[in-house]
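The values are calculated or read from the model by the stated rules, or taken from the named source; none is laboratory data. Because the structure is a prediction, the values reported are computed rather than measured. We place every Cβ from the backbone using ideal geometry, glycine too, and count neighbours over all the protein chains shown. In case anyone asks, the SASA skips ligands and DNA or RNA and just uses the protein heavy atoms, side chains included. Shrake-Rupley method; radii C 1.70, N 1.55, O 1.52, S 1.80 Å.
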Amino acid sequence: MSEQQRIYPVDERLAADAWIDRDRYQKLYRQSVEDPEGFWREQADSLSWSKKPATIKNTSFASDNVDIRWFEDGELNVAHNCLDRHLDSRGDQPAIIWEGDDPEDHKTISYRELHQRVSQLANGLKSLGINKGDTVTLYMPMVPEAAMAMLACARIGAVHSVVFGGFSPDALAGRIVDSQSRVVITADESVRGGKQVPLKDNVDAALTREGTDVVESVLVVRRTGGDIQWHEGRDRWFDDVVDQQPTDCPAETMNAEDPLFILYTSGSTGTPKGLKHTSGGYLLYAALTHRTVFDYHEGEVYWCAADVGWITGHSYIVYGPLANGATTLMFEGVPTYPSHGRIGQIVDKHNVSILYTSPTAIRSLMAHGEHIMDDSRRDSLRILGSVGEPINPEAWDWFYRVVGNSRCPIMDTWWQTETGGHMITPMPGATDLKPGCATKPFFGVQPALVDNDGKRLEGATDGNLVILDSWPGQARSIWNNHDRFVQTYFSTYEGVYFTGDGCRRDEDGDYWITGRIDDVLNVSGHRMGTAEIESSLVAHQDVAEAAVVGYPHDIKGQGIYVYVTLNDDVEPSDELKQELKQWVRKDIGPIATPDVIQWAPGLPKTRSGKIMRRILRKIAANECDGLGDTSTLADPGVVEDLIEHRHVRT
Ligand code: 6R9
């Protein structure tokens, strides 16, 4: 409790120059919910439109008619907004500073250079037969070509689908098939923490899977020069295709509601969902949140340490910062390589003012002691940000004191792939901070807490977090599956968007996100569906049944705890545990590797055959006293066996 009552008031000097101070937040927030049309009409002026929208908001959350449109008669091009319109005023300013995995490797790309390269690549994509409305899959390392590829798609109206470079060939194949991409852009290898990951080999493997014959061309960025297989007629070197293209490529005029990208994310059931984000509303929301939440000022170097494979990389490495004419730093490596002080070294080297990272990254450093930051000063830092999972007060404190020299406020931003941009977050000049608290809604966002029956809860309370009305950055649908979109987000509680998160509102009206209340795990800030891991496990010949739950993990936030029931004729062994871990790792990707496997002669089930995860979660967390009511179990005996053989953290 005492931790939660610690308050860090707004720094008045910072507030004096901030875009948003307390009064302005109050005034604009009120306007944004009382008169959303007026508010967003004014905000839309910050973008460059080829046709200004007359209609601002046309949205319905009714479950029989979920229909979300913003600026629906407006026309613009996202790449034009991120590049062309900056050329006169800041053509020579760095758009991207790239810092390689190896501290010796770095380069700077100006807005003019980026514009040229994106235009050439856009022409290159056209030469491969990609047109407006076509989808392109990106499976890339953290290199500038990743941002170029996203922007080149946007320039010609193609829809990109970025797949995180840590996903397996099978996971990649599933996303290629679902999005029907005819072109895949990748690299020979990626480099992270001194190790190579064979991206091109993974693409080759993915493209042997059923249904992937839609892919006609694979563009390969030469990153390491490592050995790769070559498929004549299908594979092309990125540079060979791009270098010869003209540097002039007109930006396609797009409707505000034309899709910009698909991004797959895990839910509580089934295969990953391809969330569809569109052009006008998304870009406006990414740009406005980036400018106000990080209080970005002209000329500052801004660093978001996420990967472009996640929504954070889309909105806050590429689209938000570039729409604002910012200098965005892109880091290829990991915070612990070559030494644990790397983050601080990068901040000093590039004069970073704003640093946006994850609680997991902070916790992975904390374990090594405060002295790891001794070889950097970090005097350039002004603002810190956190995203991806709840930040525990210890990690908050370390980030604040050790990284930020007790000078820089931390923006704890709560949002989701589905929301496109920040939803509940402080602003540097406007919000008093409480460690671990996401604080207040962003403009236009109306959070509410409901009980399990959907009844609105008022005042200081715990509840399920819903959002009452639409905001421009919201995903519009699930690719090719609008029913699933409605089912997932709008059917739990009628007429509102259900976030899947639990939340507490305190006496000051501040929001504390308490974590997922569905079967979605958050491992190192990455979303993992328990259903995906379970279906991978049961595909193994020795496994009869599997149940996956999260358990508290010191560094990852949540670890993956798996209960496995083996087929009758199979002997449990440590070798088999290793084999199953490798199996999931290979099937989905390293981030899905189980931390703990427990053999389960049986799983606790209700009489109707439903696995009681509540009990499994408690056992995994070693909270066996409070198991609650087990009387509805078909066979209460299985619980005793699970408790007896549980894995206890040491
Ligand atoms: C941006 C992103 C979304 C889920 C979300 C929630 C968790 C994200 C958080 C946070 C507490 C924060 N989450 N930010 N929980 N405090 N500041 O992470 O998107 O990968 O879709 O994950 O992450 O549980 O529902 P995504």
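What percentage of the solvent-accessible surface of the chain, computed with a 1.4 Å probe over protein heavy atoms, is contributed by carbon and sulfur atoms? Each step should come with its number before you reach the end.
Working: 11090 of 24570 Å².
Carbon with sulfur: 45 percent of the solvent-accessible area.
Computed from phi, the 3J(HN,Hα) profile of segment 185-194 under the Karplus parametrisation 6.51, -1.76, 1.60 (θ = phi - 60°) reads 10, 8, 9, 4, 8, 9, 10, 9, x, x Hz, with x in place of Gly and Pro. Simple point charges give the picture: +1 on the Cβ of Lys and Arg, -1 on the Cβ of Asp and Glu, and for segment 309-446 a dipole about the Cα centre of about 220 debye. Near LYS556: Cβ cut-off under 11 Å, other residues only, Lys/Arg at +1 and Asp/Glu at -1. The net charge is -2.
Quick check on segment 227-280: take the gyration tensor over C-alpha atoms, sort the square-rooted eigenvalues as a ≥ b ≥ c, and tell me if it's rounded (a/c under 1.5), prolate or oblate. List each step's numbers first, then the result.
Working: a/c = 4.24, a/b = 1.26, b/c = 3.36.
Note, shape of segment 227-280 comes out oblate.
Between SER127 and GLU42, the modelled labels are 4.8 nm apart [label points 7 Å from Cα along Cα→Cβ]. Remark: relative contact order (the chain) = 13 percent; criterion is Cα-Cα distance under 8 angstrom and separation of 6 or more residues. Find the relative contact order for segment 489-620 and round it to a whole percent, using C-alpha pairs within less than 8 Å whose residues are 6+ positions apart. Dividing the mean separation by the residue count of segment 489-620 yields 18 percent.
Where in segment 258-364 are there GluC sites (Glu not before Pro) that are in a DSSP coil and have at most 14 other Cβ atoms within 10 angstrom of their Cβ?
Working: sites: GLU298, GLU300, GLU332; in loops: GLU298, GLU300, GLU332.
Of the GluC sites (Glu not before Pro), the ones in loops of segment 258-364 whose Cβ has at most 14 other Cβ atoms within 10 Å are GLU298.
Each peptide in 602-612, 567-577, 431-441, 355-365 gets a packing score, the mean of other Cβ atoms within 10 Å over its residues, and the list from highest to lowest is 355-365, 431-441, 602-612, 567-577.
Evaluating 6.51 cos²θ - 1.76 cosθ + 1.60 at θ = phi - 60° for every residue in segment 592-606, the Karplus couplings come out as 9, 4, x, 7, 9, 10, 10, 6, 10, x, x, 10, x, 10, 6 Hz, glycine and proline recorded as x.
When a/c reaches 1.5 or more, the comparison of a/b and b/c decides; with that in mind, is the chain rounded, prolate or oblate per its Cα gyration tensor? Could you put the intermediate results ahead of the total?
Working: a/c = 1.41, a/b = 1.18, b/c = 1.19.
Note, shape of the chain comes out rounded.
Rounded to the nearest 0.05, the FRET efficiency derived from the C-beta distance between GLU370 and GLN31 at R0 = 56 Å is 0.80.
In the chain, a dipole from Cβ-located charges (positive for Lys and Arg, negative for Asp and Glu) runs towards its positive end, and of TYR551, VAL220, LEU151 it is LEU151 whose Cα lies farthest in that direction. What is segment 29-77 by shape, rounded, prolate or oblate, if you read a ≥ b ≥ c off the alpha carbon gyration tensor as root eigenvalues and call it rounded for a/c under 1.5, prolate for a/b larger than b/c, and oblate otherwise? It comes out oblate by the Cα gyration axes.
Placing unit charges on C-beta atoms (Lys and Arg positive, Asp and Glu negative, everything else neutral), compute the dipole magnitude of the chain about its Cα centre in debye, rounded to 20. Display every interim value, and only then the final one.
Working: 64 positive and 96 negative charges, 182 e Å.
My answer is approximately 880 debye.
In the structure shown, the pairs LYS107/LYS349; LYS57/LYS276; LYS107/LYS200; LYS57/LYS273 are assessed against 21 Å; a Cα-Cα span above that value is assigned to LYS107/LYS200; LYS57/LYS273. When only Cα pairs below 8 angstrom with a gap of at least 6 residues are kept, segment 185-278 shows a relative contact order of 21 percent. Subtracting the Cα-Cα distance of ASP239 and ASP451 from their residue separation scaled by 0.36 nm leaves 70.8 nm. Each part reduced to its alpha carbon centroid, segment 200-272 and segment 318-341 end up 22 Å apart.
Could you provide, to the nearest whole Å², the per residue accessible area of the chain with probe 1.4 Å?
Numbers: 24570 Å² over 650 residues.
Value for the chain: 38 Å² per residue.
Relative to the current alpha-carbon distance between TYR337 and LYS107, full extension at 0.36 nm per residue lengthens the span by 80.9 nm. Taking the centroid of alpha carbons for each part, segment 579-650 and segment 39-113 are 45 Å apart. For segment 507-513, backbone phi angles converted through the Karplus equation (6.51, -1.76, 1.60; θ = phi - 60°) give residue-by-residue couplings of 5, 8, x, 7, 9, 10, 6 Hz, Gly and Pro being listed as x. Placing +1 on the Cβ of every Lys and Arg and -1 on the Cβ of every Asp and Glu, with no other charges, gives segment 404-491 a dipole of roughly 240 debye about its Cα centre. Annotation: amide H of LEU275 within the under-5 Å range of LEU263, TYR264, THR265, TRP479, sequence separation 5 or more or interchain, hydrogens built in the peptide plane.
Counting other Cβ atoms within 10 Å, keep those with at most 13, restrict to DSSP loop, and tell me which GluC sites (Glu not before Pro) in segment 203-241 are left. Can you show the working numbers first?
Working: sites: GLU210, GLU216, GLU232; in loops: GLU210, GLU216, GLU232.
Here the sparse-neighbourhood loop sites are GLU210, GLU232.
At 0.36 nm per residue, minus the direct Cα-Cα distance, what do SER631 and ASP17 gain on full extension? Give it in nm, one decimal, please. Don't skip to the end; give the middle numbers.
On the way: separation 614, 0.36 × 614 = 221.04 nm, distance 6.09 nm.
Length difference between fully extended and current span is 215.0 nm.
With a cut-off of 13 Å between beta carbons, the residues surrounding SER353 carry a summed charge of -3, where Lys and Arg count +1 and Asp and Glu -1. The distance between label points at GLU394 and THR247 comes to 5.3 nm (points 7 Å beyond Cα on the Cα→Cβ vector). Taking amide H as placed 1.01 Å from N in the peptide plane, ALA546 has its amide H under 5 Å from the amide H of THR565, each at least 5 places away in sequence or on another chain. Each Lys or Arg adds one and each Asp or Glu subtracts one; over the other residues with Cβ under 13 Å from the Cβ of MET528, this totals -3.
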